[in-house]
Amino acid sequence: MIDALLALVPVWGPWAVGLVTFLSCLALPVPASLVMLSAGGFAAVGDLSPLAVVAAAFLGAALGDHAGYALGRLGGPPFMTRLRGRPRRAALVDRAVAVLHARGGIAVFLSRWMFSPLGPWVNLAGGATGFPWRRFVAPQLAGEMVWVALYVGLGWAFAGNLQAASDLAGSALGFLAAGAMTIGLGLWLRALLRQGRQRRRGERA
């Protein structure tokens, strides 16, 4: 399936890129990241328009996100119950709901690119659990900009070596995720220390 989709990129061009990113945001198992890397490579050698590739990838992802959010909103809690029908999928759905309501817009932003497997489930969970659309749209669009720029840009930079581009993308995302976790832990520890100091001051008073 992956080879067949990649073969469509030089034939259908931006249409293929936009369709694949759209479907990926609805939790369908399509290799959106590899397709964007491939399209970036074709754009680098002049076979595709770079602007058209970026625009198609971003538009497909943005529409897919909003379609997922709308499906969740229409289905409501019963839809979420059906999504939890399989254990593996239930774990993803529950994690998406937890991070969405714990971190809000930050979770939406990071699930577009840093933790992209959660992205489609955050879309559905956001709609089904009543997460406000006005809080969803801005971080969603910003996150998709990062996702598209990262993968199309790496495809452009590593034209002709898709595996190297894919490996570098994975390493970069892993590094960023580790950095985000470190920063989050540091902020948590600082908050604990601040609470401890305030408690001691209260006891002295």
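Which of the residues spanning the range 94-112 are under 20 Å from residue 23 (Cα atoms) and surrounded by fewer than 23 Cβ atoms within 10 Å (Cβ to Cβ)?
Of the residues in the range 94-112, the ones under 20 Å from residue 23 (Cα atoms) are 96, 108-112.
Hits for the range 94-112 are 109, 110.
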Exercise. Which of the residues that make up the range 72-93 are surrounded by fewer than 16 Cβ atoms within 10 Å (Cβ to Cβ) and either touching a residue at least 60 places away in the same chain (Cβ under 8 Å) or closer than 14 Å to residue 133 by Cα (or both)?
Worked result: 74
Problem set entry | Matching entry among 9, 20 (being at pLDDT 90 or above, crowded, with 21+ Cβ neighbours inside 10 Å and under 20 Å from residue 159 (Cβ atoms)) | 20
Problem set entry | Cβ-Cβ under 9 Å pairs, at least 6 apart or on other chains, the range 8-31 side under 14 Å from residue 55 (Cβ atoms) and without any contact (Cβ under 8 Å) to a residue 40 or more places away in the chain, far side in a helix (DSSP H, G or I) and of a type in the set (Gly, Ala, Ser) | 16/39; 16/56
Exercise. So, of the residues in the range 41-61 that are buried (at least 20 other Cβ atoms within 10 Å of the Cβ) and either β-branched (Val, Ile, Thr) or within 28 Å of residue 135 (Cα to Cα) (or both), which turns out to be nearest to the chain's Cα centre (by Cα)?
Worked result: 61
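The values are calculated or read from the model by the stated rules, or taken from the named source; none is laboratory data. A quick note: this is a predicted structure, and the numbers were derived from the prediction, not measured. Note: ideal-geometry Cβ built from the backbone for every residue, glycine included; neighbour counts use all protein chains shown.
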